[in-house]
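Student: There's a structure below that I have some questions on.
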Amino acid sequence: MSITPEALEAEFSLTTAATRLDFLSRRDNGDTALNTVRDDDDPWSATLRDTGTQLDVHEALELLALGEVVSRKAHDSQLVGIRAALRGGADWDQIAAALGGSPQQAYDSFTEAVARQLDSDAAASARELAGSRPAR
């Protein structure tokens, strides 16, 4: 099985993907040493001394793919959030502040998401709700 964002995206909701991502991120100790095989006389006691945890290759690749899944799903939720903000009376300056960008960037991101995610009727309604592109 190949570990890709596309494979995991269908399998995990945003909440589940974020929870698994958090679990894997916390489980790795961040050590930069290569994984090596040790030959200890007493493997049981050596296991007790080795409290550091490192992700195996499968888990590390899953961590990377889940990060992308969470990013994509969170980005897709912007459309819902922006539409709700506009319906509630927010202006593009307020929306841009919430997104950490300029009003023009927020508007452009919104119109791109509308074109990508909505059918023609819903897209027309969303564009009407958005109004004209904010001036610089």
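The values are calculated or read from the model by the stated rules, or taken from the named source; none is laboratory data. Since the model is a prediction, treat every value here as computed from it, not as a measurement. As a convention, Cβ positions derive from the backbone with ideal geometry for all residues, glycine included, and neighbour counts pool all protein chains shown.
Student: Hey, could you check segment 69-78 for residues that are out of contact with any Ser or Thr (no Cβ under 9 Å at 6 or more places or on another chain) and surrounded by 14 or more Cβ atoms within 10 Å (Cβ to Cβ) and say which is nearest to Leu129 (Cα to Cα)? Please lay out each step first, then the result.
Tutor: Of all residues in segment 69-78, those out of contact with any Ser or Thr (no Cβ under 9 Å at 6 or more places or on another chain) come to 69-72, 74, 76-77.
Right, trim to surrounded by 14 or more Cβ atoms within 10 Å (Cβ to Cβ) and you get 69-70, 72.
On the way: Val69: 29, Val70: 28, Arg72: 24 Å.
The qualifying residue nearest to Leu129 (Cα to Cα) is Arg72.
Student: Looking only at residues in segment 48-77 that are among the hydroxyl-bearing types (Ser, Thr, Tyr) and under 11 Å from the mean Cα position of the chain (by Cα), which one is nearest to Ser109 (Cα to Cα)?
Tutor: Within segment 48-77, the subset among the hydroxyl-bearing types (Ser, Thr, Tyr) is 51, 53, 71, 77.
Adding the requirement that they be under 11 Å from the mean Cα position of the chain (by Cα) leaves 71, 77.
Details: Ser71: 15, Ser77: 12 Å.
Within segment 48-77, the match that is nearest to Ser109 (Cα to Cα) is Ser77.
Student: Another one. Show me the helices (runs of 4 or more DSSP H) found entirely inside segment 1-77 where at least 1 residues are modelled with pLDDT under 85. Break it down stepwise before answering.
Tutor: Details: elements: 5-11, 14-27, 43-49.
Those helices (runs of 4 or more DSSP H) span 43-49.
Student: Hey, does segment 78-90 have a residue that's assigned to a helix (DSSP H, G or I), charged (D, E, K, R), within 24 Å of the chain's Cα centre (by Cα) and under 21 Å from Ser13 (Cα atoms)? Step through it out loud before you land on a result.
Tutor: Filtering segment 78-90 for residues assigned to a helix (DSSP H, G or I) gives 78-87.
Narrowing the set further to residues that are charged (D, E, K, R) leaves 83, 87.
Going one step further and asking which of them are within 24 Å of the chain's Cα centre (by Cα), we end up with 83.
Filter again for under 21 Å from Ser13 (Cα atoms), leaving none.
No, segment 78-90 has no match at all.
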